[in-house]
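This report concerns only the one structure given below.
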Amino acid sequence: MSKKKGYRAMLNQDGSVKCWRVDITLGGKRFTPTCVTEDVAIATVASLKDQHERGIALIPTAGSRGITIKEAFEQCYNDPEIGWMNTDHGKKQKYYAQSFYNFWGAKTPLTNITKKMWYEYTAQFQATATNNRRASCINKLFNYAVENGTIAPSDKLKIKRAKERLTRLYAFSRSDEKSIKDACEQLGYDDLKDFITVLIDTGARAEELLQASARDFQYFSDGSFTLNLYRLKTDTDSNIGLKKRSQEILSRRSNSAKFFMGSYKHYYRRFQHVKKILNKTTDKNWTFHVCRHTCASRMAEAGIPLAKVAAWLGHAPNSPVTSRYIHFYGAGKIDIAKTMDDFDTQLDNSENVIRIAVGDKK
């Protein structure tokens, strides 16, 4: 195939095709990635032209092994179809990418990264969930690089997500909540007291609540109102109801540009002071995120179906994450045991034979 088509065959000494080399100049920059088949070369040329026409900043490479980790990330980040640019999710990807640069070097060729190097990198971290998010980031870089022809499919690295252990099994009890509020009053932190109360009632993430304002109220004809929350992780909006105490708090704070004007660091520092008074400084269970667990646990104990709890939290209907947040208190377990006792009594007093189906047998 002629170079005029944007690619050409690379031949072995015996005249057979070794691989296909894209060779195209766009916007004064030359692109020469290597492809394993002619079809991949054709698709790569089309992809590069499409990205150039859409105004995506392309980084020229001298071959399939020429692109660096930083260049691969910037290409992916700047593509509007990926949706990372200027978003909170994109900021997290930048954070992960920076840790890649710090460990391997920003100028390290992307295709130099091996699985051995990856596990050496993740060994410095303990949280499985966070390492899975790092894996998603590096996988995205490799997938994107293959799709736009920057690297050959044979150079693609695929990191499997590790199975996450069931952690974060803590929820604030009513006495925990009261002790936190008492400490807030002692320190004069009325804003933190309100903040934690609404977190527990709504199950919102701290960052989500900090973005909310009176503009997010949805009013109804009977005078009641709900709150629309922007979910950072899923980039979606969800509507939730408000308990009376949260209605009072948010109504009282609705004259400001946002309900809570302080930054995350502002409330975090104040919460550390509260933890110090309560001798919880080293307790990893005492975080703002536990307020979210507390909300889910109390909803479950109140008998609200799991699917509705998931919708309230902004999860998918069958999300396993929701199950992680459902932590029954002792009273809930006692109720379950009592129900089984009542059922045993029913069996003893009944003349009916209760049959349990096994497979296809009845």
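Structure notes:
- Conditions (1) in contact (Cβ under 8 Å) with a residue 24 or more places away in the chain; (2) under 27 Å from G83 (Cβ atoms); (3) crowded, with 16+ Cβ neighbours inside 10 Å: number failed by R270: (2)
- Test: residue in the stretch 128-136 that is under 24 Å from A46 (Cα atoms), modelled with pLDDT of 90 or more, surrounded by 14 or more Cβ atoms within 10 Å (Cβ to Cβ) and among the basic types (K, R): no
- Residue selection: D201 satisfies the criterion of being surrounded by 20 or more Cβ atoms within 10 Å (Cβ to Cβ), within 24 Å of the chain's Cα centre (by Cα) and not hydroxyl-bearing (S, T, Y).
- The lone exception for Y77 - which of (1) at pLDDT 90 or above; (2) part of a loop (DSSP other than H, G, I, E, B) it fails: (2)
- The stretch 56-73, residues that are within 30 Å of the chain's Cα centre (by Cα) and either open to solvent by less than 20 Å² (accessible area, probe 1.4 Å) or at pLDDT 80 or above (or both): I56, L58, I67, T68, I69, K70, E71, A72, F73
- Residue match in the stretch 267-279 (condition: in a helix (DSSP H, G or I), farther than 13 Å from T202 by Cα and of a type in the set (S, T, Y)): yes
- Any hit, the stretch 95-106, residues being in contact (Cβ under 8 Å) with a residue 40 or more places away in the chain and closer than 22 Å to A162 by Cα: yes
- The stretch 27-40, residues that are without any contact (Cβ under 8 Å) to a residue 40 or more places away in the chain and farther than 18 Å from Q51 by Cβ: T37, E38, D39
- Of all residues assigned to the stretch 172-181, at least one qualifies as being over 30 Å from C35 (Cβ atoms), without any contact (Cβ under 8 Å) to a residue 24 or more places away in the chain and in contact with a helix residue (DSSP H, G or I) (Cβ under 6 Å, 6 or more places away or on another chain).
- Positions within the stretch 248-263 being closer than 19 Å to E207 by Cα and surrounded by 13 or more Cβ atoms within 10 Å (Cβ to Cβ), in sequence order: I249, L250, R253, S254, K258, F259, F260, G262
- Some residue of the stretch 279-291 being surrounded by fewer than 16 Cβ atoms within 10 Å (Cβ to Cβ) and of a type in the set (V, I, T): yes
- A123 free of Cβ contacts under 8 Å to residues at least 12 places away in the same chain and over 30 Å from R21 (Cα atoms): yes
- Flag for L227 being closer than 22 Å to T322 by Cβ and touching a Cys at 6+ places or on another chain (Cβ under 7 Å): no
- Leading residue by the ranking (surrounded by the fewest Cβ atoms within 10 Å (Cβ to Cβ)) among those in the stretch 226-247 that are within 24 Å of the chain's Cα centre (by Cα), charged (D, E, K, R) and at negative phi: D237
- Remark: pairs (first residue in the stretch 9-26, open to solvent by less than 80 Å² (accessible area, probe 1.4 Å); second residue at pLDDT 80 or above and in a loop (DSSP other than H, G, I, E, B); Cβ separation under 9 Å; 6+ apart in sequence or on different chains) = C19/T37; W20/T37; V22/G6; D23/G6; I24/G6.
- Any hit, the stretch 155-166, residues being open to solvent by 60 Å² or more (accessible area, probe 1.4 Å) and in a helix (DSSP H, G or I): no
The values are calculated or read from the model by the stated rules, or taken from the named source; none is laboratory data. Because the structure is a prediction, the values reported are computed rather than measured. Cβ: placed from backbone, ideal geometry, glycine included. Neighbour counts: every protein chain shown. In case anyone asks, the SASA skips ligands and DNA or RNA and just uses the protein heavy atoms, side chains included. Shrake-Rupley method; radii C 1.70, N 1.55, O 1.52, S 1.80 Å.
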